[in-house]
Amino acid sequence: MMGEDPENFTQADIDRAIRYLLPSGLFDKQARPIMKHPSEIFPPQKETQVDAEGRPFHYLFYTGKPNFFSLMHDAYAKLLEIQAIEDKMLAKGIYKPDIEPLFLKRSLWLSREDLVKMVIEDVTDHDYNRLIRLLERIIQQPYAKHIEEFVLQFRRDIMAAGSKEVIEPLKYDDNGIAFSEGTGKRKTAMATVTVRDRGTGKVFINGKGLLDYFKNIQDREQIMFPFQFVGKLGDFDMECTVEGGGSSGQAGAIRLATSYALRSFLPEEQIEQMRQAGLLTKDPRVVERQKPGQKGARKKFTWKKR
Amino acid sequence: MKIDDPLHHPDYFNVKDLFTLQDLFNAKVHLGHKLGVLNPHMKKYIFGVRQKMCILDLDQTMEHLQLALNVTAHIAYRKGIIMFVNRSLQFTHLVEKTAHECGEYAHTRYWQGGCFTNALLQYGPETKLPHLVILLNTQTNVFQEHTAVRDSAKMNIPTVGIVDSNCNPNLITYPVPGNDDTPVSMELYCKLFKEAIMRGKQARKEKDDIAKKLADEHKL
């Protein structure tokens, strides 16, 4: 059978046959367990801190937190350094610093936990606050830019670099008119909006005009607001489809979708202004659920004294 | 080449040359605190009182400072661990820098209770405690006696301390009556102690080099 000799079938042949008939992935290289490197599992520890004669290596060893206090010492040394630079400049007669101030807008001070990881020592809240106060004092100095590298090791970016939003470029239709699309949601309403350039302020919702579709002045104002905010009320035409929700929800959805679509037409400062005004933030409010033992979300059953 | 035992020499490292009485005066070392905060144990070190301000006797300061510097240099010569202590915020940086520059240790931060008395548990079994503690200000920033004074006495560690007119010199092995609040005087003390330590270490290095050379010659 299968070219095998049944008379001289050895154990090795049996093993070979089993491997052929019932292949197992257990012995595959890719099936081996992957373990983390010990440095990732065990927390970082300090190396030996005293030499063979019992003399400590670090000059602040006896404080109990040599790494942390050495950081404080270095920070203060840097402060003295830039104060000396300032004194020299003032002595020369230069009263305004010839260097720009430090830019720290998009970053925060490192947290206490980050600091603990950095120095591998227990840092109390009090110690942490003292360090931050010293660093705050340093960044207020006029010549702080000289020690930018030192300060930046204590700053953490608020936003990760890769999470920048990509604004879609303008699209052009057959007539050469630029247009842009956006979608938005509010409560249970969802809207898809197309904003066209070189328009006269026409608005169509689900094929109907603005006045026909939204009877309420508040809803009409909501839809107008993005255009009014950027100062281009009569410059664009807007066409949208909206489903779900009620009149107010639909108006909010259209407003958000319009703001998203408008971004393609505008410079960055105006987009930032729109963000500050709240036009680009989805309103997270939805109907709150009813809870058991209550009439509604917040309304309770009649309270009986006895 | 000095052949005699350093310990039998009255001033082996010549610390008398490190400063003069005029240097002490220029560094405002004689200026004490007000009469109201005078510690009774400091009365013997006072030269006099002028407009309720105590003036320390610089002749006595000279003697005490020479003794203190001598002890420091000898301990550095014998490779001892020297620790500078100061809890005055104004001079934290100066003291730490001085200690770092002469290769010794500093403690100018909050004193953890068991620093000396619970050292085995806090730092581990291999550590050695300092062989000398130099207190550049024997008081904490709330005008109370620094714990290091008492704890050094408990652990049989000799102390050198700059005692101002409001300090208690009793538990300090080598008190040095002097001003501990003025930057000029603090800079002077740091310079003097650093110089004494460097002299001790230099003498040790020379002696070790000679011994090594003799050993090499002997091997050959």
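No lab work stands behind these numbers, since they all come straight from the coordinates. From a predicted model like this one, the values you see are computed outputs, not experimental measurements. Here the Cβ is made from the backbone with ideal geometry for all residues, glycine too, and neighbour counts use every protein chain on show.
Structure above, values below:
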quantity	calculated
Scaled radius of gyration (Cα, divided by 2.2 N^0.38 Å) that the stretch B:23-120 gives	1.32
For the stretch A:198-295: lysine pairs under 28 Å (alpha-carbon distance), excluding those fewer than 8 apart on one chain	9
Sequence-distant lysines (8 or more away, or on other chains) whose Cα lies within less than 18 Å of B:Lys205	B:Lys2, B:Lys79, B:Lys194, B:Lys213
Sum of side-chain charges, A:Thr192 neighbourhood, beta-carbon under 10 Å (Lys, Arg +1; Asp, Glu -1)	-3
Overall form of chain B per C-alpha gyration tensor (a/c, 1.5; a/b vs b/c)	oblate
Those GluC sites (Glu not before Pro) in the stretch A:7-52 that DSSP places in a loop and that have at most 15 other beta carbons within 10 Å	A:Glu7, A:Glu47
Span-like helix ranges in chain A, DSSP H, alpha carbon extent 18 angstrom or more, Kyte mean at least -0.5	A:66-92, A:125-139, A:217-230, A:247-262
Residue-averaged beta-carbon neighbours from other chains (10 angstrom radius) around B:109-117	3
B:Ile210 versus B:His41: modelled label distance in nm, points set 7 Å from Cα along the beta carbon direction	4.0 nm
Normalised contact order of chain A, rounded percent, pairs of Cα under 8 Å and 6 or more residues apart	13 percent
Mean separation of Cα contacts under 8 Å, 6 or more apart, over the residue count of the stretch A:133-243: relative contact order %	25 percent
Antiparallel bridge percentage (DSSP; both residues within the protein assembly as shown; nearest 5)	65 percent
Between 0 and 90°, nearest 10: helix B:92-101 axis offset from chain B longest Cα axis	20 degrees
Loop trypsin sites (Lys or Arg not before Pro), the stretch A:192-222 (other Cβ atoms within 10 Å of the site Cβ: 10 or fewer; DSSP)	A:Lys215
Stokes-Einstein diffusion coefficient of the protein assembly as shown, Kirkwood radius over Cα pairs, 4 °C, 1.567 mPa s, in µm²/s	41 µm²/s
With at most 10 neighbouring Cβ atoms within 10 Å, loop chymotrypsin sites (Phe, Trp or Tyr not before Pro) (DSSP) excluded, longest segment of chain A	A:104-300
Chain A: calculated mean residue ellipticity at 222 nm from DSSP helix runs of at least 4, using -39500 (n - 2.57)	-11500 deg cm²/dmol
Contour minus Cα-Cα distance for A:Lys36 and A:Leu80 (0.36 nm per residue)	11.4 nm
Shielding of B:118-129 by partner chains, average beta-carbon count, 10 Å	3
Cα convex hull volume per residue for the stretch A:58-118 (Å³)	112 Å³
DSSP-assigned coil residues among trypsin sites (Lys or Arg not before Pro) in the stretch A:53-154, each with at most 11 further Cβ atoms within 10 Å	A:Lys105, A:Arg106
Of all DSSP beta bridges in the stretch B:82-187, antiparallel share, percent nearest 5	5 percent
Members of A:Lys78/B:Lys97; A:Lys65/B:Lys201; A:Lys105/A:Lys164 lying beyond 24 Å, as alpha-carbon distances in this model show	A:Lys65/B:Lys201
Distance between the stretch B:1-64 and the stretch A:164-218 - C-alpha centres, whole angstrom	88 Å
Hits among aspartates and glutamates - C-alpha to C-alpha of A:Lys185 under 20 Å, sequence gap 8 or more where chains match	A:Glu165, A:Glu168, A:Asp219, A:Glu221, A:Glu239, A:Glu243, A:Asp283, A:Glu288
Relative pair counts by distance (%), Cα atoms of the stretch B:94-188, 10 Å bins	15, 48, 32, 5, 0
Euclidean distance of C-alpha centroids, the stretch B:92-150 and the stretch A:77-120, integer Å	30 Å
Inter-chain Cβ neighbour average for residues A:39-51, partner chain, 10 Å	1
Folded to 0 to 90 degrees: helix B:183-219 orientation relative to chain B principal axis, Cα	10 degrees
